[in-house]
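S.K.: Got a structure for you, written out below as structure tokens; questions coming shortly.
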Amino acid sequence: MAATKFVLAFAICRLIVTVGFTVVPVELLRLGIEGRLSVETSDVEKASADFGMLTRAVPLAVMEPGSAEDVARLVEAAYESAQGFTVSARGHGHSINGQAQARKGVVVEMSSRKRMMRVWEKGRYVDVWGGELWIDVLKATLEYGLAPKSWTDYLYLSVGGTLSNAGISGQTFNHGPQISNVYELDVVTGKGELLTCSEERNTELFHAVLGGLGQFGIITRARIALEPAPHRVRWIRVLYSNFSAFTKDQEFLISLHEKPSKERFDYVEGFVIVDEGLINNWRSSFFSPSNPVKIESLKSDEGVLYCLEITKNYQHEDADIIDQEIEAMLEELDFIPKTVFTTDLPYVDFLDRVHRAEVKMRSKGLWEVPHPWLNFFVPRSRIADFDKGVFRGILGNKTSGPILVYPMNKNKWDQRSSVVTPEEEVFYLVAFLRSAVDRQALRMLSDQNRQILSFCRDASIEVKQYLPHYATQEEWRDHFGDKWARFSHLKALYDPRRILASGQRIFKPLTAATSDM
């Protein structure tokens, strides 16, 4: 404890000198912080960057909290200080544009320590620390034969991080995003208050925080809904050369979400193959040499193919009937004949598929490079225009990574959350998950992203960014549209000094540690 207090005192003294705190260091020490506050170069450097590697912002200190109370005490100190400082929660650091950074503030490393998870088998839910990774949540719940209902494609993300955005994947059409599968939260507001919120308690805060981009509070605990976990997954891919047939089949499949399990698939995604784009990226391993069809030999309009990716979950006892169920459902689809690619694997292996690919990419030095990703929701009525202008237009044959495209049902999203989606009942996620191996590639992909956004604007395609990033508050106002008034009101209510999540660049902090917005 003495060593911890010494480190904390040193850190506080540095903050006082740099920022001009008026809070006496001894008063902060009496807060009884259990964790660690560091100004070590290695800790600060790690918190200065993120997965995107597109921006860098140096904090003054990094906190590894020992408890939710530590987070509350830190934020309260920022709120009560004369000049203040910003605080940003950081999970696995998988943001793209510095959203979890805190220039001249304090970054809270929420995933720095593992916490005990409690699984409520009878109630089918689990209580988890906000910094816990989804892969660890999965492992803990599987011990009880249970698992969360909705996922992201990559499990090495923090619970608080995905719930601050939405959390989407191929299960979203059926279960909704991850934020639609939360029963309760513990949240530290921008005033340093540690509050429990749910549908029945502090309801306004509950819905504000879900998809709220970290603007209203730091999630320290989440109660996540569970369901019985399947044993295995039949993973299927089929190919299309016609975009209309591709989207028609996707929309048909997500329309079956209310059907019994045996009459629908459990996961529906799709992606675009632009010339050799798929062959050379981390999703191509599915198409093994043992498959009889050569992808590059298929004819397609303007060099573009579309891949529908679907799965069917099942238990060991249903192994004898799974083929029959899948065959019946595939007969309803209009894909290119003889392009059915199938594999069968344990449920965990399917959910953790991207991490296995990550390991391979790291071994080749292809993971820790800039990632100029671009994600947005496109209204169903304009997805064909988007295909013509972007997939078969702007992209050419330059992809440098996966391009996802799949639909979701709006009625699976709670409109009381802070997330903004298109007005239509069906909308598509389009995700350009590209990597830049050098500066020239980064310039090319960044220019291409700008061209795509300009095309949408000029064609009046009202897209809504997912994992949004804007440079001005005017752009943020346009993004939130009718939700802006409520969003800004709740910011004033729960974070009046604009201490939290300044890396999002939505509101200029009302502190000495202002962000260069």
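The values are calculated or read from the model by the stated rules, or taken from the named source; none is laboratory data. Bear in mind that the values here come from a model prediction, so they are computed numbers and not experimental data. Counting neighbours? That spans all protein chains shown, and the Cβs are built from the backbone with ideal geometry, glycine included.
S.K.: Please list, ordered by residue number, the helices (runs of 4 or more DSSP H) wholly in segment 332-389 having 2 or more residues that are farther than 15 Å from Ile310 by Cβ and over 25 Å from the mean Cα position of the chain (by Cα).
M.R.: 383-386
Table: residues versus (1) among the polar types (S, T, N, Q); (2) loosely packed, with under 15 Cβ neighbours inside 10 Å; (3) part of a loop (DSSP other than H, G, I, E, B).
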{"position": "Gly396", "(1), (2), (3)": "no, yes, yes"}
{"position": "Val430", "(1), (2), (3)": "no, no, no"}
{"position": "Leu442", "(1), (2), (3)": "no, no, no"}
{"position": "Gln448", "(1), (2), (3)": "yes, no, no"}
{"position": "Asp482", "(1), (2), (3)": "no, yes, no"}
{"position": "Lys491", "(1), (2), (3)": "no, no, no"}
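S.K.: Here is a list: Ile168, Ile218. Which entry is surrounded by 22 or more Cβ atoms within 10 Å (Cβ to Cβ), within 30 Å of Ile394 (Cα to Cα), at pLDDT 95 or above and within 21 Å of the chain's Cα centre (by Cα)?
M.R.: Ile168
S.K.: Mind checking whether some residue in segment 25-33 is touching a strand residue (DSSP E or B) at 6+ places or on another chain (Cβ under 6 Å), at pLDDT below 95, among the basic types (Lys, Arg) and more than 21 Å from Gly214 (Cα to Cα)?
M.R.: Checking segment 25-33: not a single residue is touching a strand residue (DSSP E or B) at 6+ places or on another chain (Cβ under 6 Å), at pLDDT below 95, among the basic types (Lys, Arg) and more than 21 Å from Gly214 (Cα to Cα).
Residue by residue, here is whether (1) surrounded by fewer than 20 Cβ atoms within 10 Å (Cβ to Cβ); (2) in contact with a helix residue (DSSP H, G or I) (Cβ under 7 Å, 6 or more places away or on another chain); (3) among the aliphatic types (A, V, I, L, M); (4) in contact (Cβ under 8 Å) with a residue 40 or more places away in the chain holds:
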{"residue": "Ala68", "(1), (2), (3), (4)": "yes, no, yes, yes"}
{"residue": "Val71", "(1), (2), (3), (4)": "no, no, yes, yes"}
{"residue": "Trp120", "(1), (2), (3), (4)": "yes, no, no, no"}
{"residue": "Val128", "(1), (2), (3), (4)": "no, yes, yes, yes"}
{"residue": "Gly131", "(1), (2), (3), (4)": "no, yes, no, yes"}
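S.K.: Next question. Among residues belonging to segment 410-428 that are more than 28 Å from Pro370 (Cβ to Cβ) and assigned to a strand (DSSP E or B), point out the one that is nearest to the chain's Cα centre (by Cα).
M.R.: The selected residue is Phe427.
S.K.: Further question on the same structure: Can you name the residue in segment 35-60 that is polar (S, T, N, Q) and outside any helix (DSSP H, G or I) and, of all such residues, is modelled with the highest pLDDT?
M.R.: Only one residue tops the list, namely Thr55.
S.K.: When you go through Arg505, Arg416, Arg497 one by one, which is the residue that is in contact with a Leu (Cβ under 6 Å, 6 or more places away or on another chain) and touching a residue at least 24 places away in the same chain (Cβ under 8 Å)?
M.R.: The conditions single out Arg497.
S.K.: Restrict the check to segment 439-453 and report whether at least one residue is over 25 Å from His94 (Cβ atoms) and in contact (Cβ under 8 Å) with a residue 40 or more places away in the chain.
M.R.: yes
S.K.: On to the next question. Got a number for residues in segment 44-66 being among the hydroxyl-bearing types (Ser, Thr, Tyr) and either in the same structural domain as Ile218 (by TED's automatic domain parsing) or surrounded by 22 or more Cβ atoms within 10 Å (Cβ to Cβ) (or both)?
M.R.: Of the residues in segment 44-66, 0 are among the hydroxyl-bearing types (Ser, Thr, Tyr) and either in the same structural domain as Ile218 (by TED's automatic domain parsing) or surrounded by 22 or more Cβ atoms within 10 Å (Cβ to Cβ) (or both).
S.K.: Just checking, does segment 207-215 include any residue being on the phi > 0 side of the Ramachandran plot and in contact with a strand residue (DSSP E or B) (Cβ under 8 Å, 6 or more places away or on another chain)?
M.R.: yes
S.K.: Please go through segment 398-413 and give me each residue that is surrounded by 19 or more Cβ atoms within 10 Å (Cβ to Cβ), polar (S, T, N, Q) and in contact with a strand residue (DSSP E or B) (Cβ under 7 Å, 6 or more places away or on another chain), ordered by number.
M.R.: Thr399 - this is the single residue of segment 398-413 that is surrounded by 19 or more Cβ atoms within 10 Å (Cβ to Cβ), polar (S, T, N, Q) and in contact with a strand residue (DSSP E or B) (Cβ under 7 Å, 6 or more places away or on another chain).
S.K.: Could you grab the pairs with beta carbons closer than 6 Å, sequence gap of 6+ or different chains, first residue in segment 174-203 and more than 18 Å from Asn411 (Cβ to Cβ), second one assigned to a loop (DSSP other than H, G, I, E, B)?
M.R.: Close Cβ pairs (under 6 Å, with a partner that is assigned to a loop (DSSP other than H, G, I, E, B)) amount to Gly190/Asp495; Gly190/Ile499; Leu195/Asn202.
S.K.: From the list Ser255, Ser261, which one is at pLDDT 95 or above and over 23 Å from the mean Cα position of the chain (by Cα)?
M.R.: Ser255
S.K.: Condition check: among the aliphatic types (A, V, I, L, M) and either part of a loop (DSSP other than H, G, I, E, B) or touching a residue at least 24 places away in the same chain (Cβ under 8 Å) (or both). Does Ala166 satisfy that?
M.R.: Against the criterion (among the aliphatic types (A, V, I, L, M) and either part of a loop (DSSP other than H, G, I, E, B) or touching a residue at least 24 places away in the same chain (Cβ under 8 Å) (or both)), Ala166 qualifies.
S.K.: Give Glu193, Glu227, Glu199, Glu184 a once-over and let me know the one that is acidic (Asp, Glu) and touching a strand residue (DSSP E or B) at 6+ places or on another chain (Cβ under 6 Å).
M.R.: Glu184
S.K.: If the requirement is being within 24 Å of Thr86 (Cα to Cα), of a type outside the set (Gly, Ala, Ser) and assigned to a loop (DSSP other than H, G, I, E, B), which of these qualifies: Arg113, Arg201?
M.R.: Arg113
S.K.: Does Ala225 meet the test of being part of a strand (DSSP E or B) and surrounded by 18 or more Cβ atoms within 10 Å (Cβ to Cβ)?
M.R.: Spelling it out, Ala225 is indeed part of a strand (DSSP E or B) and surrounded by 18 or more Cβ atoms within 10 Å (Cβ to Cβ).
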